[in-house]
Amino acid sequence: MKPPTTNAVLAAKNVQRGLAAKIQETSGLFRKKQKVYMDRLQGHAIKNQDLLIASGAISLHGSEGMSAVEEDMAASRSQLSTQVQQQMDAQTQERTRELADIAKNIASLADLFKDLSSLVIEQGTILDSVEYNIERTADAMEGAVKELKIAQG
């Protein structure tokens, strides 16, 4: 198997970075929600708005903070989507190139088989000719043996 190309390595690193960013984002959200859950379990009386602030749904600035968070999340998703799309495009180009190489190799192999076929046919013709000559020689030898017997006898 061939060692990975630099494009493949770069694509793999990009995928790894994208997944790491996604894990980091999810981990942060989990920690915020876990804190809210733990506060509830410990019996802390948290008002509804405080609960939303702790979970990251809104900030102290109210709905303006909420839209800013949503915009940040949308931008992050868009950037991640763009990176994933670029990686998929790079992988698609690599696969297309590899398929073209395979097609060339198959065409080359087909040419080799055509050449081999013509050689087999040519050698078969030569073998037929050798066989015919051997049969003629055998017939001539039989005739010669008969003539020798007549001459001796």
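When each of ALA140, ALA103 is tested for being surrounded by 10 or more Cβ atoms within 10 Å (Cβ to Cβ) and at pLDDT 90 or above, the lone residue that passes is ALA140. When GLN79 is tested against (1) over 30 Å from LYS22 (Cα atoms); (2) open to solvent by 80 Å² or more (accessible area, probe 1.4 Å); (3) of a type in the set (S, T, N, Q), just one condition goes unmet, and that condition is (1). Among residues that are charged (D, E, K, R), over 30 Å from GLN87 (Cβ atoms), open to solvent by less than 100 Å² (accessible area, probe 1.4 Å) and modelled with pLDDT of 60 or more, ASP39 is included. Check whether at least one residue in the range 5-23 is part of a loop (DSSP other than H, G, I, E, B) and modelled with pLDDT of 75 or more, and report yes or no. Scanning the range 5-23, I find at least one residue that is part of a loop (DSSP other than H, G, I, E, B) and modelled with pLDDT of 75 or more, so the answer is yes.
The values are calculated or read from the model by the stated rules, or taken from the named source; none is laboratory data. Because the structure is a prediction, the values reported are computed rather than measured. Note: ideal-geometry Cβ built from the backbone for every residue, glycine included; neighbour counts use all protein chains shown. Accessible surface is based on the protein model in full, side chains and every heavy atom, while ligands, DNA and RNA are left aside. Shrake-Rupley method; radii C 1.70, N 1.55, O 1.52, S 1.80 Å.
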